[in-house]
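Reviewing the structure listed below.
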Amino acid sequence: QVQLVESGGGLVQAGGSLRLSCAASGGTFSSYAMGWFRQAPGKEREFVAGINWSGGGIYYADSIKGRFTIARDNAKNTVALQMNSLKPEDTAVYYCAARRRQVSLTPSDYNYWGQGTQVTVSS
């Protein structure tokens, strides 16, 4: 069983940066594709970024492309989301997720989820 714990959320001014981190335990981290999703109040959960086992396959939502960067460190069992040039519309709870096989854009394809971390971007 895989456990995921997100950290790094907080309040930031528009144009600022945050770095989210997801720590994994209970499984072979390098065998899982990892994804970041977010959910704003009243909205459906949406894909933000994903990275495959080796780090060679990386995917970003159009809304954040060029501003966010996903990276994984298999030696540390972590995946990070570096968020730059943040906008108020980035405000959401951000979730880390894991699945075997390749990255998917669909939340229901992921088997394991963290508890979420709040990101609030002020205007």
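The values are calculated or read from the model by the stated rules, or taken from the named source; none is laboratory data. If you're wondering where the values come from, they're calculated on a predicted model, not measured in any experiment. Note: ideal-geometry Cβ built from the backbone for every residue, glycine included; neighbour counts use all protein chains shown. When the accessible area is computed, the model is the full protein with side chains, heavy atoms only, and any ligands, DNA or RNA have been set aside. Shrake-Rupley method; radii C 1.70, N 1.55, O 1.52, S 1.80 Å.
Using θ = phi - 60° in the Karplus curve 6.51 cos²θ - 1.76 cosθ + 1.60, the 3J(HN,Hα) couplings for the stretch 69-80 round to 9, 9, 8, 10, 10, 5, 5, 9, 6, 9, 10, 10 Hz; x is entered for Gly and Pro. For the pair residue 7 and residue 54 in one chain, pulling the backbone fully straight at 0.36 nm per residue adds 14.7 nm over the alpha carbon distance.
Given Cβ point charges of +1 (Lys, Arg) and -1 (Asp, Glu) and nothing else, what value in debye, to the nearest 20, does the dipole of the chain about its Cα centre take?
It works out to roughly 200 debye.
Packing here is the average count of other Cβ atoms within 10 Å per residue, and on that basis the peptides 47-53, 3-9, highest first, run 47-53, 3-9. Using the Cβ-Cβ distance between residue 122 and residue 69 with R0 set to 25 Å, the FRET efficiency works out to roughly 0.65. Take each peptide in 64-70, 10-16, count the other Cβ atoms within 10 Å of every residue, and average; sorted highest first, the result is 64-70, 10-16.
What lysines could a cross-link reach from residue 43, if we take a straight Cα to Cα line under 29 Å and drop same-chain neighbours fewer than 8 places away? Result set, ordered by chain and number: 65, 87. Across the stretch 95-106, rounded Karplus estimates of 3J(HN,Hα) from the backbone phi angles (6.51 cos²θ - 1.76 cosθ + 1.60, θ = phi - 60°) give 10, 9, 9, 9, 8, 6, 6, 8, 4, 10, 8, 9 Hz, Gly and Pro being marked x. Whenever you get a sec, compute what percent of the accessible area on the chain sits on carbon and sulfur atoms (1.4 Å probe). Taking all protein chains in place, the chain shows 47 percent carbon and sulfur surface.
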